[in-house]
Amino acid sequence: MSVQSKSNKFLYFAYGSNLLSHRIHINNPSAERAGIGCLHDYQVSFVTYSKRWKGASATIIPKHSKVVWGALWHVDNADLENLDRQEGVHENVYRPLQVDIVLPNGEKVNARTYQQTASPPDVQDIRDLPQDNRPSVAYWKTIVKGAEETGLPKNYLDFLHHIPHNEYHGPVDVQLPLWLH
């Protein structure tokens with residue numbers, strides 16, 4: 001698929017639950033996978049407790065020499081409000097950012113992504129996340145499954161597999177397959 005801009009669509013960089021096609025299509029049925037890319041000098045972390053997911057949700061934090069791999073999606077401009085609502089922009093949970101994403105071929109594209117308004121603790125190793133900043137099992141599985149589905153690099157998949165979860169195995173309030181619970 002082409003990552004180039006399309007008429008009446010915007011480019012969205014997903015690094016959390018929206019890596020998974022089933023998840024993004026719940027609220028954004030127009031999303032079309034455009035490829036993968038990398039956000040330089042950032043790292044994934046977790047901070048705000050999500051009642052929906054029963055654990056901390058993902059964000060990106062500036063971190064020199066780190067990278068965040070993710071999915072690039074073409075989304076209809078008409079779905080921008082849906083995506084903002086899903087990310088809690090109106091509740092000041094996340095704020096939208098325009099970021100430069102590096103494609104596997106080295107080309108750069110500009111995409112919309114989201115960053116939490118709350119700041120997570122600064123940990124040197126993701127395995128040291130405090131208990132209150134860990135995702136639920138279902139949320140963690142959604143991210144890992146989405147990263148695998150997206151075809152993210154093996155070393156990044158290994159990083160995701162080392163993210164500790166909060167041990168919550170119960171139901172979550174998201175319309176996803178039971179294999180995630």
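The values are calculated or read from the model by the stated rules, or taken from the named source; none is laboratory data. In this text, all values refer to a predicted model and were calculated from it rather than measured experimentally. Cβ sites come from the backbone with ideal geometry, for glycine too, and all protein chains shown count toward neighbours. Note: accessible area is taken over every heavy atom of the protein model, side chains too, but ligands, DNA and RNA are not part of it. Shrake-Rupley method; radii C 1.70, N 1.55, O 1.52, S 1.80 Å.
To put it simply, the accessible area of region 4-159 at a 1.4 Å probe is 48 percent carbon and sulfur.
Within the set of other residues whose C-beta is less than 14 Å from the C-beta of Gln131, count the net charge using Lys and Arg as +1 and Asp and Glu as -1.
Net charge in that neighbourhood comes out at 0.
Ligands, DNA and RNA aside, Lys54 has an accessible area near 70 Å² when probed at 1.4 Å.
Rank these by accessible area, largest first, 1.4 Å probe: Glu148, Glu107.
On the way: Glu148 95, Glu107 65 Å².
Most to least solvent-accessible, the answer reads Glu148, Glu107.
In this structure region 52-164 gives 47 Å² per residue of accessible area when probed at 1.4 Å with all protein chains present.
Residue separation times 0.36 nm, minus the C-alpha to C-alpha distance between Asp100 and Asn77: what's the value? Extra length from Asp100 to Asn77 when fully extended: 6.4 nm.
Would you work out the charge dipole size for region 34-181 about its Cα centre, treating the Cβ of every Lys and Arg as +1 and the Cβ of every Asp and Glu as -1, and quote it to the nearest 20 debye?
Numbers: 14 positive and 18 negative charges, 46 e Å.
Around 220 debye, computed over region 34-181.
Across the options Leu83, Tyr15, Gly151, the greatest Cα extent toward the positive end of the charge dipole of the chain (unit charges at beta carbon of Lys, Arg, Asp, Glu) belongs to Gly151.
Region 90-139 and region 3-44 have Cα centres lying 13 Å from one another. Once divided by 2.2 N^0.38 Å, the Cα radius of gyration of the chain becomes 0.95.
Using only the heavy atoms of the protein chains and a 1.4 Å probe, how would Glu87, Glu149 rank by accessible area, largest first?
Values: Glu87 30, Glu149 85 Å².
So the residues, ranked largest to smallest area, are Glu149, Glu87.
When the surface is traced with a 1.4 Å probe over the full set of protein chains, Ser21 keeps roughly 30 Å² accessible. Mean residue ellipticity at 222 nm, helices only, the chain: -5500 deg cm²/dmol; runs of at least 4 DSSP H residues each add -39,500 (n - 2.57), and the sum is divided by the number of residues.
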